[in-house]
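Asker: The structure is given below, and queries will be raised subsequently.
The values are calculated or read from the model by the stated rules, or taken from the named source; none is laboratory data. It should be emphasised that the depicted structure is a prediction, and the values quoted were computed from it without experimental measurement. Neighbour counts run over all protein chains shown; Cβ positions are idealised from the backbone, glycine included. What goes into the accessible areas is simple: the full protein's heavy atoms, side chains included, and nothing from ligands, DNA or RNA. Shrake-Rupley method; radii C 1.70, N 1.55, O 1.52, S 1.80 Å.
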Amino acid sequence: MGLQGRPPAKPGHGDADRPRHRSAAADPERTQKLVWSLLSSVARADMAVSADEQAILERYRRALEVRGEALALADEAAVDLRTVPVIERVHALRMMFGVAYSDGSCSDVELNLLRRLAGVMGLSAVHFADTQVFFEQRALDRRRRRWWLAAAAGVVLSGVAFGGWLYVRQSVSAPAAAIQSFVADATRQIGDLERRVGRVAESSSAGGEAQGIAEVSATLDGLLARAEQLEAEHARAAASDPGSGDLALIAELESIKRELAALREQLDFPQVLNRYSDSVLFIQTSYALVSGERRFRFVGDGTGFFVTADGVIVTNKHVVQPWKFDGRSVAMLDSGYRLDEQSVRLAAWPNGARVTDEAGVTVLDRAFDSGRGELEIAAMPPDALEQRSEPLGDGRVYEGRFHAQDESDLALLQATVPQPVVPIPVAEDTSALRKLDPVMVLGFPTGKLILESGIAETLPTRGEVLKIDRSLFITAQVHPGSSGGPVIDRHGHVVGIATRRVSGDSALGVCIRSAHVLRLLRNTAALAAEATPTAR
């Protein structure tokens, strides 16, 4: 909530926790310039910029929309980039490796520079090793592919010289020849596809271009399907004629499949963002605490998302009942204040709706509003209280009975929707989820502060799974304002609910696992069924 006193668990909070200067994380244009500075430094690491390095630098410059020279020295840029999410730093490292390997290999000088910069950016040895091995393997695969293409050409020429391809080899079967042709064609296409994926992913993260995503996805899916088909045909031919199998050629095909699959994965989150942005809502809760003639009004905000076509919304309980979690509110209630039940008002704006006018005044025209009977709390788990300390926002700390920060911090809302909405599917089974799996949080980080134009615009934060326990721990930052937002895997399934951040670590988010959401949904449906009279 956008209240003072609970940075770890609320989507919005007091001025004491708000950044007081513009960092790279708060300035995307500066981030792009800093990344460009790193790329330029890698290209110049060995005191010369090759034609291949110059070409990839130019492509990155256009994609990043950077003009002029590098913004800072490499180490200074790396230090500044520590403020951006881990996933963005990992992408920057991959781009740097792409520049280093643009001429087919990475020199010791370049590798040492990359290792140093990765450390300065705060990336772990695991991140560095994973990126290094990926690019080493890709360079090796491409060298092998060039060798086999040359060898295939030699076989063809030799076959012609001795009386034709089919006569010379029973050595190159029809499936093998088709694979060689596919490998050659896919090799030519991969460079262009890499550029197209980069452009589409960049544009989609800033708003989405559904047509561009669909076109590139269709091309990649078609190539992957053809590769699978050729692999199956080769396996059938080898089964009927053991001498016709070609393991080296299949290795080349597998190399192509890996590159295509890696490109395809880069489009997963842009597709998810494009599909489900409008299913996420900006939620605001207002309430008043009173004692005699004294009255204090509070306003907080957070995120929710549709899970059914008829308008059921999932969010955190602390988004809709913040007085049970906020330090200042709990302290006031303990001192004799009471909640004015009539003052509680919930509003939820869909993506693209106007939240405030030019003067900053809240407008409810396009919101689902409890004041008009369009939004209500449908279900919540029983309250679970615990003794703990919470800051009050003025430097003091209050110790008292607060609502627990566990899986009971959930709420279901029911919105009156004029027509069916697009729900985000909640994962039934997350047993396949593993450490370092990529995830994306959709929401409204920093709450109203991010709505500069007054329009609700769903923003993504990407990261990885770090730990799977009773809760889900992720590197995608759960900023104040993101609470209640969906944590989505690359297949478009909700695996968790963004809830809070680990105290003292703004880069580690804590999420309620999807199983608890499904349990609440099913219990609510069962209770509703029991309450409905049986038709005679």
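Asker: Just give me the residues in segment 263-290 being of a type in the set (Gly, Ala, Ser) and out of contact with any helix residue (DSSP H, G or I) (no Cβ under 8 Å at 6 or more places or on another chain), in sequence order.
Answerer: Ser277, Ser279
Asker: Give Ile455, Ile474, Ile497, Ile468 a once-over and let me know the one that is β-branched (Val, Ile, Thr) and within 14 Å of Gly304 (Cα to Cα).
Answerer: Exactly one residue qualifies, and that residue is Ile497.
Asker: Looking at segment 426-448, can you tell me whether even one residue there is closer than 21 Å to Phe298 by Cα and open to solvent by 60 Å² or more (accessible area, probe 1.4 Å)?
Answerer: yes
Asker: Just checking, does segment 150-162 include any residue being modelled with pLDDT of 75 or more, open to solvent by 60 Å² or more (accessible area, probe 1.4 Å) and within 25 Å of Leu253 (Cβ to Cβ)?
Answerer: No; the residues of segment 150-162 include none that is modelled with pLDDT of 75 or more, open to solvent by 60 Å² or more (accessible area, probe 1.4 Å) and within 25 Å of Leu253 (Cβ to Cβ).
Asker: Still on this structure, please answer the following. So which pairs qualify, if the first residue must be in segment 385-401 and free of Cβ contacts under 8 Å to residues at least 24 places away in the same chain and under 13 Å from Phe325 (Cβ atoms), the second must be among the basic types (Lys, Arg) and open to solvent by 30 Å² or more (accessible area, probe 1.4 Å), the Cβ gap must be under 8 Å, and the two must be at least 6 apart or on different chains?
Answerer: Leu385/Arg401; Glu386/Arg401
Asker: In segment 416-463, what residues are closer than 19 Å to His516 by Cβ and of a type in the set (A, V, I, L, M)?
Answerer: Ile424, Val426, Ala427, Ala432, Leu433, Val439, Val441, Leu442
Asker: For segment 467-495, give me the residue count where each residue is open to solvent by less than 50 Å² (accessible area, probe 1.4 Å), at negative phi and not β-branched (Val, Ile, Thr).
Answerer: Qualifying residue count for the region: 11.
Asker: Restricting the search to segment 339-373, which residues are more than 16 Å from Ser286 (Cβ to Cβ), under 29 Å from the mean Cα position of the chain (by Cα), open to solvent by less than 80 Å² (accessible area, probe 1.4 Å) and of a type outside the set (Gly, Ala, Ser)?
Answerer: Passing the criteria: Pro350, Asn351.
Asker: Quick one: in segment 90-120, of everything that is touching a Lys or Arg at 6+ places or on another chain (Cβ under 9 Å) and at pLDDT 85 or above, which residue is farthest from Gly463 (Cα to Cα)?
Answerer: Residue satisfying both the conditions and the ranking: Tyr101.
Asker: A further question follows. Taking only pairs six or more apart or across chains, which ones have beta-carbon atoms under 8 Å, a first residue in segment 115-131 that is closer than 18 Å to Leu73 by Cα and among the charged types (D, E, K, R), and a second residue that is in a helix (DSSP H, G or I) and modelled with pLDDT of 85 or more?
Answerer: Qualifying pairs under 8 Å: Arg115/Phe128.
Asker: Does Gly492 satisfy the criteria of being assigned to a loop (DSSP other than H, G, I, E, B), under 26 Å from Ala379 (Cβ atoms) and not polar (S, T, N, Q)?
Answerer: yes
Asker: For segment 389-430, give me the residue count where each residue is aliphatic (A, V, I, L, M) and farther than 23 Å from Phe473 by Cα.
Answerer: So the answer is 7.
Asker: Follow-up question, since we're still on this one. Which of (1) touching an Asp or Glu at 6+ places or on another chain (Cβ under 8 Å); (2) in a strand (DSSP E or B); (3) β-branched (Val, Ile, Thr) is the odd one out, the single condition Ile377 does not satisfy?
Answerer: (1)
Asker: In segment 226-338, which helices (runs of 4 or more DSSP H) lie fully inside it and hold 1 or more residues that are open to solvent by 20 Å² or more (accessible area, probe 1.4 Å) and closer than 30 Å to Pro438 by Cα?
Answerer: Helices (runs of 4 or more DSSP H) meeting the threshold: 247-266, 268-276.
Asker: Hey, another quick one. Return a yes/no flag: does segment 383-392 have any residue that is under 23 Å from Asp301 (Cα atoms) and among the polar types (S, T, N, Q).
Answerer: The answer is yes; a qualifying residue exists.
Asker: If you don't mind, another one. Identify, by number, the condition in (1) buried (at least 18 other Cβ atoms within 10 Å of the Cβ); (2) modelled with pLDDT of 95 or more; (3) closer than 21 Å to Gly485 by Cα that Ile377 doesn't meet.
Answerer: For Ile377, the exception is condition (1).
Asker: Answer yes or no as to whether Gly400 is among the small types (Gly, Ala, Ser) and part of a loop (DSSP other than H, G, I, E, B).
Answerer: no
Asker: Moving to a separate point now. Have a look at Thr430, Thr416 and point out the one that is within 17 Å of Gln284 (Cα to Cα) and β-branched (Val, Ile, Thr).
Answerer: The conditions single out Thr416.
Asker: Please count how many residues of segment 414-448 are small (Gly, Ala, Ser) and either in contact with a helix residue (DSSP H, G or I) (Cβ under 6 Å, 6 or more places away or on another chain) or in a helix (DSSP H, G or I) (or both).
Answerer: 2
Asker: From the set of residues in segment 449-466 that are part of a loop (DSSP other than H, G, I, E, B) and open to solvent by less than 50 Å² (accessible area, probe 1.4 Å), which is nearest to Ala262 (Cα to Cα)?
Answerer: If we take residues in segment 449-466 being part of a loop (DSSP other than H, G, I, E, B) and open to solvent by less than 50 Å² (accessible area, probe 1.4 Å), then Thr458 is nearest to Ala262 (Cα to Cα).
Asker: Same structure again: Residue under question is Leu113, and the condition is that it be part of a helix (DSSP H, G or I), closer than 14 Å to Ala43 by Cα and of a type in the set (A, V, I, L, M, F, W, C); does it hold?
Answerer: yes
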